[in-house]
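What follows is a short report on a single structure.
The values are calculated or read from the model by the stated rules, or taken from the named source; none is laboratory data. Everything quoted here is computed from the prediction, not taken from an experiment. Cβ: placed from backbone, ideal geometry, glycine included. Neighbour counts: every protein chain shown.
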Ligand SMILES: Cc1cc2nc3c(=O)[nH]c(=O)nc-3n(C[C@H](O)[C@H](O)[C@H](O)COP(=O)(O)OP(=O)(O)OC[C@H]3O[C@@H](n4cnc5c(N)ncnc54)[C@H](O)[C@@H]3O)c2cc1C
Ligand code: SF4
Ligand code: SF4
């Protein structure tokens, strides 16, 4: 059985100029209840990896540099 | 796929609202004990209260209400099917819990004299205590966990309970959703606090994670308790909430009601007297939506500008803080626009309706050593404070239960079988993506279980669910995260089947929309003044049976009994 790769709009936006994941910060990854944020090994920044956001905001509120902005997922806008 | 072994005297599963209090209270009662609290997410920000709460929905504050009044109100709101002793166990501890939270640093609204500013939202009494600065509640509780020395373990997805000799609980098994390890935890007592079954119905947007409930609460606890042999109760009494259309926040009666906001139909007419969430209110709401008078709106545009600002400062900051962003995106301003409302997906939840794992007034399930608290247990309309109080009751009773007891011995086969079940989707070469199976399952839940309930539809639904059960043997996960989602599909499917079975069994209508069966209009107290229980039979299939409603502590007068059936304005109230 083969599967397609689905395309979804990223709704958790990370400002690369502000994100300090390179210095070891993992706050947003830790607090996200649905565990959908991960370190991008290529650029050393955080990114949304699953379209499973509850738009609840712990990631945005706890980020020490205010690098995250959560948008309402496209299907609900 | 290593196996890690842990041990605890008291194991608390679910670190949202009820769980942390259970752990704190167990540790406070006996600091020598090893109390372990684990969560699928991160306890610091896990559960329904992660971003605070708008209000205590059911505060019993002296001077405003008594336990007796409250127990009677909930008895009437829940159409008589309650164990009053269980509601009362919450009611008599409600005020002490508010005081304790206050001492810990949780902020509640107070008047000029420093008294709690309780508001009337329910049909009969006054129980709503606003928390306009309630966003810190989880942080405050987390500090207490640290202070009491509770051991915390995050990202552990519990999948099954271990059952020991004599049917006593012996611990639990979990998947580490980061490392992919299998974890076996032995415990002398287990407190299950895994919240509602929030991923049962599909929101009408089709977005899997747009649920009213925190989507980490997929119904795992219902499934685990069922497979451990516990009785579940009221699974036909669905949770359905009035929400903002397309946004999963309450509209919200508890916040705007005291400021003068209310619900209107398309003609601008008020049609319900009390916006307090009950099945009867939801039935009137649904009738208005479907009966040609819809859509239904929340009306705030008649309020003064500064009143609206105060409302925004609550609704857009605590609980569901993206609400303002949603309105902004659609250009909705409470000052000039009505807010379109809709009906949520269905779910199972003790805290909002009455569907949960059966517990008595000591939070004990029917499995020795196994407790349930919070939205997972069947104590009706218990909400946030009820979750905390039941956490307290469970944590303290568990300490008594384990006194002088050792770990229960258990059959190791359970571990081997569960390991096999959990890791199968990872080991399979290819197969069905868990999210796609979940989508189909939840879409079928909407099609066949959403009230009004129709016998033939529910029967077809059960057939479809059985076909999806066969599909589980083809689930494919590529990593531990997807494996967690695959395991959740198992739990959602169990909940869907149990909800259908319980709904078919109760051949009457009760709780307004929650159990509205078109072929059996109206309440039939002669036959159905009883709880409907469901339990796993010796044949491995769900068995439904009745459990008598225990004699009331506070009898309900015939004149009060139907108060919640008179929610509709006789004549449309034009405003
Ligand atoms: C949007 C919203 C608004 C609300 N507003 C109010 C209000 O204003 N006033 C009020 O009184 N009540 C309100 N409530 C209700 C109240 O929040 C809940 O009744 C209460 O918080 C439930 O507590 P709980 O501990 O049962 O569940 P939760 O706090 O949700 O905790 C459940 C925990 O279990 C964890 N978990 C789930 N499955 C597993 C597993 N398999 N293994 C390990 N861990 C697991 C989850 O990660 C979660 O942390 C609201 C609820 C919601 C969703
Ligand atoms: S919390 Fe903020 S700074 Fe830290 S990793 Fe996340 S986005 Fe980057
Ligand atoms: S809004 Fe909530 S679910 Fe979405 S990424 Fe942030 S913490 Fe995770």
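Determine, yes or no, whether residue A:51 is part of a helix (DSSP H, G or I), under 25 Å from residue B:485 (Cα atoms) and modelled with pLDDT of 95 or more.
Details: part of a helix (DSSP H, G or I): no; under 25 Å from residue B:485 (Cα atoms): yes; modelled with pLDDT of 95 or more: yes.
No: the conditions fail for residue A:51.
Any idea which of B:399, B:422 is closer than 23 Å to residue B:182 by Cβ and either away from chain A (no Cβ under 14 Å) or not in a helix (DSSP H, G or I) (or both)?
B:422
For the structure I just gave you, tell me whether residue B:487 is away from ligand 3 (no atom under 16 Å from the Cβ), assigned to a helix (DSSP H, G or I) and away from every other protein chain (no Cβ under 14 Å). Talk me through it step by step, then tell me what you get.
On the way: away from ligand 3 (no atom under 16 Å from the Cβ): yes; assigned to a helix (DSSP H, G or I): yes; away from every other protein chain (no Cβ under 14 Å): no.
Criteria not met by residue B:487.
Filter the range B:159-187 down to the residues that are away from chain A (no Cβ under 14 Å), at positive phi and either in a loop (DSSP other than H, G, I, E, B) or surrounded by fewer than 21 Cβ atoms within 10 Å (Cβ to Cβ) (or both) and list them by number. Working first, answer last.
Taking the range B:159-187 first, the residues away from chain A (no Cβ under 14 Å) are B:159-174, B:181-187.
Narrowing further to those that are at positive phi: B:166-167, B:171.
The answer is B:166, B:167.
I'd like the full set of residues that are surrounded by fewer than 22 Cβ atoms within 10 Å (Cβ to Cβ) and either in the same structural domain as residue B:252 (by TED's automatic domain parsing) or in a helix (DSSP H, G or I) (or both), limited to the range B:44-75.
B:44, B:67, B:68, B:69
As an exercise: evaluate residue B:484 against (1) surrounded by fewer than 17 Cβ atoms within 10 Å (Cβ to Cβ); (2) within 30 Å of residue B:428 (Cβ to Cβ) and give the number of the one condition it does not meet.
All conditions are met except number (1).
Does residue B:40 count as within 28 Å of residue B:220 (Cβ to Cβ), away from ligand 3 (no atom under 16 Å from the Cβ) and touching a strand residue (DSSP E or B) at 6+ places or on another chain (Cβ under 9 Å)? Don't jump to the end; show me each part of the working.
Details: within 28 Å of residue B:220 (Cβ to Cβ): yes; away from ligand 3 (no atom under 16 Å from the Cβ): no; touching a strand residue (DSSP E or B) at 6+ places or on another chain (Cβ under 9 Å): yes.
It is false that residue B:40 is within 28 Å of residue B:220 (Cβ to Cβ), away from ligand 3 (no atom under 16 Å from the Cβ) and touching a strand residue (DSSP E or B) at 6+ places or on another chain (Cβ under 9 Å).
Every residue, every condition in (1) within 14 Å of chain A (Cβ to nearest Cβ); (2) out of contact with any strand residue (DSSP E or B) (no Cβ under 6 Å at 6 or more places or on another chain), yes or no:
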residue	(1), (2)
B:108	no, no
B:112	no, yes
B:115	no, yes
B:134	no, yes
B:199	yes, no
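Residue B:121 - would you say it is in a loop (DSSP other than H, G, I, E, B) and touching a helix residue (DSSP H, G or I) at 6+ places or on another chain (Cβ under 7 Å)?
Numbers: in a loop (DSSP other than H, G, I, E, B): yes; touching a helix residue (DSSP H, G or I) at 6+ places or on another chain (Cβ under 7 Å): yes.
Considered against the rule, which asks whether it is in a loop (DSSP other than H, G, I, E, B) and touching a helix residue (DSSP H, G or I) at 6+ places or on another chain (Cβ under 7 Å), residue B:121 comes out as yes.
For the range A:46-77, give me each residue that is within 8 Å of ligand 2 (Cβ to nearest atom), surrounded by fewer than 18 Cβ atoms within 10 Å (Cβ to Cβ) and more than 9 Å from every other protein chain (Cβ to nearest Cβ). Walk me through how you get there before you give the answer.
Going through the range A:46-77, the residues within 8 Å of ligand 2 (Cβ to nearest atom) turn out to be A:46, A:59, A:62-68.
Okay, now just the ones that are also surrounded by fewer than 18 Cβ atoms within 10 Å (Cβ to Cβ), so A:62, A:64-66.
Within the range A:46-77, A:64, A:65, A:66 meet the criteria.
A quick yes/no check of all residues on (1) touching a residue at least 24 places away in the same chain (Cβ under 8 Å); (2) closer than 17 Å to residue B:196 by Cα:
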{"site": "B:332", "(1), (2)": "no, no"}
{"site": "B:345", "(1), (2)": "yes, yes"}
{"site": "B:364", "(1), (2)": "yes, no"}
{"site": "B:370", "(1), (2)": "yes, no"}
{"site": "B:379", "(1), (2)": "yes, yes"}
{"site": "B:396", "(1), (2)": "yes, no"}
{"site": "B:419", "(1), (2)": "yes, no"}
